[in-house]
Ligand SMILES: [Zn+2]
């Protein structure tokens, strides 16, 4: 019960602060940074800087590898990585997600690149996260709602959201989709939460008239929602597809009523590391002003973000036009003059879908310096897509690329769908 009261308290606090500081975002960030500074005194890694009240921009920028390497001295509770991993792996194996170290929950993130992350959260931080999900994602309401949630596995973090007015039903994405459609038809969820690849599969059942549901809100999570997929899903489900941008590092952004993702800048400071001269793409460097057990200070993500200049909702929070993918998925070639050529995923995405209006399902993988593997769902349009990719690369000075035809989509069920992927990895 105490946990639910904590959630309610955090929810109110989020709402009041957001409203009160609506036009003075800097003030709110400043106030929260000063408070965080006191917590940083407990982190051996940050203590010296915190003692001197060092401004944020003089703190080191860290990435996931640094973050894990210095895990033991970054966290403020003296938890060692060894111990945390031990507890987290045991929990995964026993499917019992309640183990705690001195009241701190340990979670394991499933990084696709093999480098698993560990995260720590106190009960207060878990309440904060749940409150944020209620406020920014699900929406707070006293009406009874049924949420269909597609996950890899059930997690005790979500159980805590269940209450009289909110019923959570979990669907294991590794199980056969046909068993799910029957359950969904019966459940008639008011809210549907799933990754885009699952939503696309569900949409195909709606098209075949084997699935008939009419949720009032659909939320895409965990993977990049490509524009053409969003358009397709919007047409099938007849509504805006909402998104959540979240990772181990917390709930970073969620969509407004217009379907635009906005960073939660009431408790995050977002710095932008631009990746191109035009300043269109950036890596976000995040500082979470509310995380205290495992401080997130100037943590650079390798996601490629495009900024949106304005959103009709009027929010002061930075709007995201799209998340292009990750920096490891930038394709790399050599031009005929021997220069390195970097091709961002978005250029190839556009080239492929514009090659023929019938193309909406495709994957492109770089296997080697000069070998690409292309899959196009509509076989009749394959040649057009392959030709378009070739001529785009030629326009960038890259010649003699071999394009191999793939007969199946580059995607393993349960994994993230990445339509453009660099599997060669010389990054
Ligand atoms: Zn907006």
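For the reader, a short list of remarks on this structure follows.
- Residue check for residue 327: modelled with pLDDT under 95 and away from the ligand (no atom under 14 Å from the Cβ): yes
- Residue tally, condition in a loop (DSSP other than H, G, I, E, B), without any contact (Cβ under 8 Å) to a residue 24 or more places away in the chain and within 15 Å of residue 293 (Cα to Cα), over the stretch 43-86: 2
- Filter result (outside any helix (DSSP H, G or I) and farther than 27 Å from residue 28 by Cα) within the stretch 305-331: 324, 325, 326, 330, 331
- Residues located in the stretch 137-149, provided they are in contact with a helix residue (DSSP H, G or I) (Cβ under 9 Å, 6 or more places away or on another chain) and surrounded by fewer than 21 Cβ atoms within 10 Å (Cβ to Cβ): 140, 145, 146, 149
- A residue that is in the same structural domain as residue 280 (by TED's automatic domain parsing) and at positive phi occurs nowhere in the stretch 400-416.
- Members of the stretch 235-266 found to be part of a loop (DSSP other than H, G, I, E, B) and either within 16 Å of the ligand (Cβ to nearest atom) or surrounded by 22 or more Cβ atoms within 10 Å (Cβ to Cβ) (or both), listed by number: 240, 256, 257, 258, 259, 260, 264, 265, 266
- Contact map, the stretch 188-215: first residue outside the structural domain of residue 138 (by TED's automatic domain parsing), second residue surrounded by 18 or more Cβ atoms within 10 Å (Cβ to Cβ), Cβ cut-off under 6 Å, separation 6 or more or different chains; the map is empty.
- Scan of the stretch 202-226 for residues that are in contact with a strand residue (DSSP E or B) (Cβ under 9 Å, 6 or more places away or on another chain) and part of a helix (DSSP H, G or I), ordered by number: 202
- Sole exception among (1) at pLDDT 95 or above; (2) in contact with a helix residue (DSSP H, G or I) (Cβ under 8 Å, 6 or more places away or on another chain); (3) more than 16 Å from the ligand (Cβ to nearest atom) for residue 275, by number: (1)
Yes or no, residue by residue, for (1) closer than 19 Å to residue 49 by Cα; (2) more than 16 Å from the ligand (Cβ to nearest atom); (3) crowded, with 20+ Cβ neighbours inside 10 Å; (4) without any contact (Cβ under 8 Å) to a residue 12 or more places away in the chain:
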position: 284; (1), (2), (3), (4): no, yes, yes, no
position: 297; (1), (2), (3), (4): yes, yes, yes, no
position: 310; (1), (2), (3), (4): no, no, no, yes
position: 314; (1), (2), (3), (4): no, no, no, yes
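Residue-wise test of (1) more than 26 Å from the chain's Cα centre (by Cα); (2) within 30 Å of residue 424 (Cβ to Cβ); (3) surrounded by 11 or more Cβ atoms within 10 Å (Cβ to Cβ); (4) modelled with pLDDT of 95 or more.
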residue: 29; (1), (2), (3), (4): no, no, yes, yes
residue: 39; (1), (2), (3), (4): yes, no, yes, yes
residue: 48; (1), (2), (3), (4): yes, no, yes, yes
residue: 55; (1), (2), (3), (4): yes, no, no, yes
residue: 61; (1), (2), (3), (4): no, yes, yes, yes
residue: 64; (1), (2), (3), (4): no, yes, yes, no
residue: 81; (1), (2), (3), (4): no, no, yes, no
residue: 102; (1), (2), (3), (4): yes, no, no, no
residue: 113; (1), (2), (3), (4): no, yes, no, no
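- Residue 339 vs. criteria within 16 Å of the ligand (Cβ to nearest atom) and either more than 30 Å from residue 269 (Cα to Cα) or under 23 Å from the mean Cα position of the chain (by Cα) (or both): no
- One residue from 408, 365 being in contact with a strand residue (DSSP E or B) (Cβ under 7 Å, 6 or more places away or on another chain), within 29 Å of residue 198 (Cβ to Cβ) and surrounded by fewer than 20 Cβ atoms within 10 Å (Cβ to Cβ): 408
- The conditions of being buried (at least 18 other Cβ atoms within 10 Å of the Cβ) and within 16 Å of the ligand (Cβ to nearest atom) are met by residue 320.
- Looking across the stretch 349-362 at every residue that is in a loop (DSSP other than H, G, I, E, B) and in contact with a strand residue (DSSP E or B) (Cβ under 8 Å, 6 or more places away or on another chain), the one that is surrounded by the fewest Cβ atoms within 10 Å (Cβ to Cβ) is identified as 361.
- Exactly one residue among 290, 301 is within 30 Å of residue 124 (Cα to Cα), touching a residue at least 40 places away in the same chain (Cβ under 8 Å), over 15 Å from the mean Cα position of the chain (by Cα) and outside the structural domain of residue 417 (by TED's automatic domain parsing), and that residue is 290.
The values are calculated or read from the model by the stated rules, or taken from the named source; none is laboratory data. Quick caveat: nothing in here was measured; it's all calculated off a predicted structure. Backbone-built Cβ (ideal geometry, glycine too); neighbour counts: all protein chains shown.
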